[in-house]
Amino acid sequence: MKHQTALSLMHASVDGQLGPLRRLLLARHIARCTSCRGEQERLHAMRTALRTNLSAYRAPPGLAARIGSALPREVPPEIRRPSPWLPRTGFTMAGALAGAALTLALVWLPARPPADSLASEAIAGHVRSMMADHLTDVLTSDQHTVKPWLSARLNFSPVVKDFVAEGYPLVGGRLDYVAGREAAAVVYRRDKHTINLFAFVSATGENTPPTLQQRDGFNVITWRMGGLTYIAVSDVEASQLENFVKLVRDAAA
Amino acid sequence: MPHLDAAFNLARWLTGNATDAEDVVQDAYLRAFRYFDAFRGENFRVWLLTIVRNSFLTWLQDNRSGRVLFRPDVNEIAETWADPAPGPEAMLVEQVDRETLATLVAQLPAEYREILVLREIEDLSYKEIAQVAAIPVGTVMSRLARARQSLRKAWIRQEKGGHRA
């Protein structure tokens, strides 16, 4: 490796961003080149100094609340409880994360006519699961792990099946809440899109066929079977979500 | 509010003050909520930081103060890989205190500053930085090298100048 090339790769090397081959070639050059060795040491020292002493600014208290209140959508009054404590609790990392989930819950429930509130809540849950880095509690494509995991924590047992052959691989599951009820959220993927399938105990027992709603860029399909309400939410195309729902319903039959 | 600290940190370093940073962050979150369906489930923090940067650029246009304009440097690549040949004082960079370091970084051109902040504070990979700053990975590499070299030179100048702030 030429000296100039070595110099040009030095930063990437110190940052751990070089592939194995170039790392090897660079190491060979440095072993023979005192000038490069010196530069490498200086860069390491500088990187340490920067990482130790370059300050990360933290969001000031109240900013989260201010942003929340500036968001275009109104939040139903019973949910809107501007919580001044939320951003002020010292802003520890854990606090910030817990706050993230809560704030989103406050912020993301769109005020819509009550008839659509289930779909809205499901969308909110879907969005929240992705924004709060909390997609799954149990991350496995093994349906024989996800199903018992959910059953152990809920008093019902939703359909869980890996549809990988059909192009809808199972990603995992988590516990969630929809309409104030404990819900199972089973997570699938379609290409790069995430599908959240919520299931919870229905208020009324009758089965209903799937109905599709489209809002906020999401497709939502709701139906009832076996005493459970199912809601599938995703930003995949409607036809693909319909295919998915058919698979789930066939699996239950 | 997810990643609010990261968003604020980038905005604070880019705008140079807390008040403007808050405006930029607020605008960024409004955009993020509005365009959430454009998010394709990769890395949410990277996506959000990209929006923060775009909000900053919009803010720059609206508040054209001439202070911190991005100026793409055509000689950038050519100059970057000159042998640094530093004197022994270069090692002093290790002993820089927080306040001085913050001042020196704040004086870097914005296009170097943002990359330094994304790398050293947010610990993004070159690829992620490339996405946020909308530049090729090779440019990330050269700008980062330039940023560090400029910083080192500024530090040495400052030392020689006898600790003037």
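Derivation of every value follows stated rules applied to the coordinates shown; laboratory data play no part. In this text the structure is predicted, and so the values were computed from the model without any measurement. With ideal geometry, Cβ positions are generated from the backbone for all residues, glycine too; neighbour counts draw on all protein chains shown.
Net charge within 10 Å of A:Ala184 by Cβ-Cβ distance, Lys/Arg positive one each and Asp/Glu negative one each, not counting A:Ala184 itself?
It works out to a net charge of +1.
Applying 1/(1 + (r/R0)^6) with R0 = 35 Å to the Cβ-Cβ distance of A:Leu24 and A:Arg51, what FRET efficiency is obtained, to the nearest 0.05?
The pair A:Leu24/A:Arg51 has a calculated efficiency of 0.85.
Compute the signed sum of charges (Lys and Arg +1, Asp and Glu -1) over the other residues within less than 12 Å, Cβ to Cβ, of A:Gly172.
Around A:Gly172, the charge tally is 0.
Ordered by residue, what ³J(HN,Hα) values in Hz, to whole numbers, does segment A:209-218 give under the Karplus form 6.51 cos²θ - 1.76 cosθ + 1.60, where θ = phi - 60° and Gly and Pro are x?
Listing the rounded values in order: x, x, 10, 9, 10, 10, 7, 6, x, 10 Hz.
Using a cut-off of 10 Å between beta-carbons, work out the net charge of the residues near B:Leu118 (Lys and Arg +1, Asp and Glu -1, B:Leu118 not included).
Details: positive: B:Arg53, B:Arg113, B:Arg119; negative: B:Glu114, B:Glu120, B:Glu122, B:Asp123, B:Glu128.
Residues near B:Leu118 contribute -2 overall.
Which pairs break 28 Å Cα to Cα here: A:Lys2/B:Lys127; A:Lys192/B:Lys127; A:Lys147/A:Lys246; A:Lys246/B:Lys127; B:Lys127/B:Lys160?
In this structure, A:Lys246/B:Lys127; B:Lys127/B:Lys160 lie more than 28 Å apart at Cα.
At a Förster distance of 22 Å, what's the computed FRET efficiency of B:Ile156 paired with B:Asn17, Cβ-Cβ distance as r, to 0.05? Walk me through the numbers before you get to the answer.
Values: r = 27 Å, r/R0 = 1.24.
For R0 = 22 Å, the calculated efficiency reads 0.20.
Which log10 I(q)/I(0) values does segment A:3-53 give at q = 0.26, 0.28 Å⁻¹ under the Debye formula, counting every alpha carbon as one identical point scatterer?
Debye output, listed in q order: -0.99, -1.09.
Full-extension gain between B:Tyr35 and B:Lys127, please, as 0.36 nm times their residue separation minus the C-alpha to C-alpha distance.
Answer, rounded to one decimal: 30.9 nm.
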